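*Asks:* Questions regarding the structure given below will be posed in turn.
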Amino acid sequence: MLLIRCPYCEEERPELEFRNAGEAHIARSANIAGENEDDFEKFFFIRSNPKGVIYERWRHIHGCARFFNAVRDTVTDKFVMTYKAGEPKPAKLPGASK
């Protein structure tokens, strides 16, 4: 079973307690109703799908119910780290050289 660390509860919990909420650090429009159809589609449906490290939003549904960000490797499905929502994207990942 995959364990995910909630940065608010400060403990690892089974993946069944969490839900993925999409890509993290997406700039949201201040006037979504004023967006043209192409920009609206890009914002809601078009996301990068890299092989390797990705930054995602997660929610601890069956715990504190809070959103947080996670760094996950899409090849191994391992979580590199998690951090609280609103915090900036980490400049350096744990275990990364330089």
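*Asks:* Among the residues of region 1-40, how many are of a type in the set (D, E, K, R), outside any loop (DSSP other than H, G, I, E, B), open to solvent by 60 Å² or more (accessible area, probe 1.4 Å) and without any contact (Cβ under 8 Å) to a residue 40 or more places away in the chain?
*Replies:* 6
*Asks:* Could I ask something else about it? Considering region 5-46 alone, what residues qualify as being modelled with pLDDT of 95 or more and farther than 17 Å from Ile61 by Cβ?
*Replies:* The one that is modelled with pLDDT of 95 or more and farther than 17 Å from Ile61 by Cβ: Glu10.
*Asks:* Turning to a different aspect of this structure: Yes or no: Thr82 of a type in the set (Val, Ile, Thr) and without any contact (Cβ under 8 Å) to a residue 60 or more places away in the chain?
*Replies:* When the stated conditions are applied, Thr82 does not pass them.
The values are calculated or read from the model by the stated rules, or taken from the named source; none is laboratory data. Because the structure is predicted, anything quoted here is derived from the model rather than measured. Every residue, glycine as well, gets a Cβ built from its backbone with ideal geometry; the counts of neighbours run over all protein chains shown. When the accessible area is computed, the model is the full protein with side chains, heavy atoms only, and any ligands, DNA or RNA have been set aside. Shrake-Rupley method; radii C 1.70, N 1.55, O 1.52, S 1.80 Å.
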